[in-house]
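J.: Here it is, the structure, as structure tokens.
The values are calculated or read from the model by the stated rules, or taken from the named source; none is laboratory data. Just so you know, these numbers come straight off a predicted model, no measurement behind them. Using ideal geometry, Cβ is built from the backbone for each residue, glycine included, and neighbour counts are taken over all protein chains shown. Accessible surface is based on the protein model in full, side chains and every heavy atom, while ligands, DNA and RNA are left aside. Shrake-Rupley method; radii C 1.70, N 1.55, O 1.52, S 1.80 Å.
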Amino acid sequence: MNAPIGKFAAAAAVAAAAAGLGACVGAFDPQTDPTSPAAAQVQTLVEANREYPRWADFPRALQAEPDPAMIAARVNTLNQSGGALASEVARIDWTLTEDPAAFAAAVQARIDAVKVDPVTAQTAAEIEEFARRARERGRAPPPVPRR
């Protein structure tokens, strides 16, 4: 035995891998149990979907590079739409020129005009009281005396 242990280990690993892969061969052609009540339905589904996926279902790869003129046209369109958007943004008055108190009152009036759900109108104290009652109901009763 002049061979190093590494060669024996490599040979054993190759043999184990071959045995493991050989055991998996049966998984690629599974058979339906003919005594199963669902065997006919399973076999019908398997036969109906045996050809899926087909190569026709996959999108085709680009055959050639895109035309440089087409790319230039798309970039030009993007630049024009970006310029139009920039001009629209420039027309917006971004500063508040009116009285801030009047603006706040107008916003408050718009908010007050919307009917509020009664649940939303509960105060924090009412919510805390509800949570306290719920915790109280969730507490375990005292233990029963055994004597």
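J.: I'd like the full set of residues that are more than 30 Å from Gln31 (Cα to Cα) and either modelled with pLDDT of 95 or more or part of a loop (DSSP other than H, G, I, E, B) (or both), limited to the stretch 50-70.
T.: If the condition is that a residue be more than 30 Å from Gln31 (Cα to Cα) and either modelled with pLDDT of 95 or more or part of a loop (DSSP other than H, G, I, E, B) (or both), then Pro59, Arg60, Ala61, Leu62, Gln63, Ala64, Glu65, Pro66, Asp67 are the ones that fit.
J.: Restricting attention to the stretch 27-49, and to residues there that are among the β-branched types (Val, Ile, Thr) and in a loop (DSSP other than H, G, I, E, B), which single residue is least open to solvent (accessible area, probe 1.4 Å)?
T.: Only one residue fits best here, namely Thr32.
J.: Something else about it: Among Ala73, Ala106, Ala131, Ala121, which is free of Cβ contacts under 8 Å to residues at least 40 places away in the same chain and either in a loop (DSSP other than H, G, I, E, B) or surrounded by fewer than 10 Cβ atoms within 10 Å (Cβ to Cβ) (or both)?
T.: Within the list Ala73, Ala106, Ala131, Ala121, the selection yields Ala121.
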